[in-house]
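The values are calculated or read from the model by the stated rules, or taken from the named source; none is laboratory data. What you see is a predicted model; the values in this text were computed from it and never measured. Counting neighbours? That spans all protein chains shown, and the Cβs are built from the backbone with ideal geometry, glycine included.
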């Protein structure tokens, strides 16, 4: 770790490279999960996707965690793509962690369900029945958390899961990370956990590496808390840790 | 009124499914809580799980997810390791297993001549492409040839085919299997086993420790390398072992190891089954049949290779020596034995025979009755702690109905 600091209630730390950052976040999540297991025999976890989560997920699956006691949810999924689509978050999570750790139970958010209202309703109910111990999230280039882009983010959203339109920046980020061949292929809508659903989690571990995210990180830490940069809301959460690398932290003043 | 009419039809039809356009609704008793439940199937998936109207008397059958057997050597005379394996044979065995409530299984090839292993994996890989039965075979189990050569520990595996772990060789087998090998049973104490286990795990193959005489330390090294399972704990082990230092205690004590057990009423004593179950708990136990190809055939004398075998209704024996030669019961029988031996709930017994293997092998659509899951289901009664399969559904289609 090169440095750590606290802004409002948000604890942030900067690491030398994405691997070091991923290891630190994985250790943090491990200790929270094991603490929950010790306390109540099981734990509930939300996982995030995207290029920013690679090093963290790689590190997490090597940690001593009894996955047989962990129920897993995820943050979001594109509308209308199958779990075989290369950009599917379900596919991503299966291949990058779930196949190897085999958790007790996984709730997949099926963006291609025939009845999306019912799917979101079922997912909301399942979330309500499983108070989340740790939510692992990232921050988008536009400051989004999950798919709560600035135009649709609502800090007082009454819903737990909702269908949103993705903004241009967000869709360009997905194109830029190489998940889709052209911008037209990036879905225009997605299902996402809302901001209150995320903020209601006991602990939030936010992993944000890469130069591309430097501005979003700067805004998260310095802008006024508002949906203009949805991630600013994390500064009001009592138990959130932000894991950065030197590149994503490059715009933060020393 | 429409709903009441429907309910009336339920009472009349008892277990007969109601078909509307594409939906089948099954009425039975949930294996989870023993309450009445309606399960609707649509396009091969479970589309609804609902409580029936309180006033409705449902049929007296349980509904559970189809059983999953990750260790089965053959069935109805089809030997997955045998010289005569054909795609037709695999189809025949699969359909016969459906009748026994097994909707998913890993055909298991044991220690044999390498060319035979390759040839048979290629046949199994071909069989998996069959649209009718392919989805019942999400993977294969390779039991050996990298196991202990010692008598007792090697069990019925032929010593002359037992080998040292060889990653390149395994890759050739995996290639013949078209990447279908999802589970391998390995002995952790033999030369090169630990790096081999690590490579298997990295390639996505689940490693199970079996037919071994590993020490506590060797078992821990294997777990550190990513091994997750113990194969048929208590079997594939010498009759006489050290009371302190033996391969059983470390596998019982280590929570990172899920053990499979052959609870057929013969391969383990009631005390062993109870003890293993208490030590490992429902989460860390899975039921396997380890059935020989004679399973599912009428009792009698059979010749296999140069040996004469006797199939009783329950187990295969060597008549000369009067010892067990292998298992002959599908895991539906083992579910009944678990209920009988341990007094566990039906929910737990089914968890060990379906939910746990689905979880361990990342078979995401299987092992639970839940909206969106694959409609692989069994309807059954329990008579004197024996599971009697009444109907089996695979991919939403009725594939077996008791006469």
> Which one of the conditions (1) closer than 22 Å to residue A:196 by Cβ; (2) surrounded by fewer than 19 Cβ atoms within 10 Å (Cβ to Cβ); (3) under 19 Å from the mean Cα position of the chain (by Cα); (4) at the interface with another protein chain (Cβ under 9 Å from one of its Cβ atoms) does residue A:126 fail to meet, given that it meets all the rest?
Replying inline: (4)
> Looking at region A:87-106, which of the residues that are part of a loop (DSSP other than H, G, I, E, B) and more than 10 Å from every other protein chain (Cβ to nearest Cβ) is nearest to residue A:131 (Cα to Cα)?
Replying inline: A:88
> Taking region A:31-51, which residues are under 17 Å from residue A:205 (Cβ atoms) and touching a helix residue (DSSP H, G or I) at 6+ places or on another chain (Cβ under 7 Å)?
Replying inline: A:37, A:43, A:45, A:47, A:49
> Quick one: is residue B:294 within 28 Å of residue B:86 (Cα to Cα), buried (at least 18 other Cβ atoms within 10 Å of the Cβ) and touching a residue at least 60 places away in the same chain (Cβ under 8 Å)?
Replying inline: yes
> If you go through region B:338-349 one residue at a time, do you hit one that is assigned by TED's automatic domain parsing to the domain that holds residue B:136, more than 25 Å from residue B:31 (Cβ to Cβ) and crowded, with 16+ Cβ neighbours inside 10 Å?
Replying inline: no
>> Going by what's in this entry, would residue B:363 be described as within 14 Å of another protein chain (Cβ to nearest Cβ) and in contact (Cβ under 8 Å) with a residue 24 or more places away in the chain?
In response: yes
>> Can you tell me how many residues within region B:201-214 are away from every other protein chain (no Cβ under 14 Å) and loosely packed, with under 15 Cβ neighbours inside 10 Å?
In response: 0
>> I'd like to verify a number: residues in region A:172-191 that are within 17 Å of residue A:48 (Cα to Cα), surrounded by fewer than 21 Cβ atoms within 10 Å (Cβ to Cβ) and in contact with a helix residue (DSSP H, G or I) (Cβ under 7 Å, 6 or more places away or on another chain), how many?
In response: 1
> Restricting to region B:229-256, what's the tally of residues that are within 14 Å of chain A (Cβ to nearest Cβ) and surrounded by 22 or more Cβ atoms within 10 Å (Cβ to Cβ)?
Replying inline: 1
> Is it the case that some residue within region A:121-132 is touching a helix residue (DSSP H, G or I) at 6+ places or on another chain (Cβ under 7 Å) and more than 26 Å from residue A:242 (Cα to Cα)?
Replying inline: no
> Does region B:245-278 hold any residues that are in a loop (DSSP other than H, G, I, E, B) and within 25 Å of residue B:199 (Cα to Cα), and which are they?
Replying inline: B:247, B:254, B:255, B:256, B:257
>> Need the failing condition index for residue B:204 against (1) without any contact (Cβ under 8 Å) to a residue 24 or more places away in the chain; (2) more than 21 Å from the chain's Cα centre (by Cα), just the number.
In response: (2)
> What are the residues in region A:129-157 that are surrounded by fewer than 17 Cβ atoms within 10 Å (Cβ to Cβ) and either within 14 Å of chain B (Cβ to nearest Cβ) or under 17 Å from the mean Cα position of the chain (by Cα) (or both), if any?
Replying inline: A:129, A:131, A:154, A:155
> Just for region A:107-123: of the residues that are more than 10 Å from chain B (Cβ to nearest Cβ) and under 19 Å from the mean Cα position of the chain (by Cα), which one is nearest to residue A:86 (Cα to Cα)?
Replying inline: A:111
> Inside region A:158-171, can you point out the residues that are surrounded by fewer than 18 Cβ atoms within 10 Å (Cβ to Cβ) and at pLDDT 95 or above?
Replying inline: A:158, A:159, A:163, A:165
> Among the listed residues B:187, B:151, B:127, which satisfies the condition of being closer than 21 Å to residue B:292 by Cβ, within 21 Å of the chain's Cα centre (by Cα) and either surrounded by fewer than 24 Cβ atoms within 10 Å (Cβ to Cβ) or assigned by TED's automatic domain parsing to the domain that holds residue B:225 (or both)?
Replying inline: B:127
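Table: residues versus (1) in contact with a strand residue (DSSP E or B) (Cβ under 8 Å, 6 or more places away or on another chain); (2) without any contact (Cβ under 8 Å) to a residue 24 or more places away in the chain.
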residue: B:110; (1), (2): yes, no
residue: B:123; (1), (2): no, no
residue: B:128; (1), (2): no, no
residue: B:133; (1), (2): no, no
residue: B:136; (1), (2): yes, no
residue: B:147; (1), (2): yes, no
residue: B:156; (1), (2): yes, no
residue: B:159; (1), (2): no, yes
residue: B:166; (1), (2): no, no
> If residue B:389 passes every condition in (1) assigned by TED's automatic domain parsing to the domain that holds residue B:98; (2) more than 14 Å from the chain's Cα centre (by Cα) but one, which one does it miss?
Replying inline: (1)
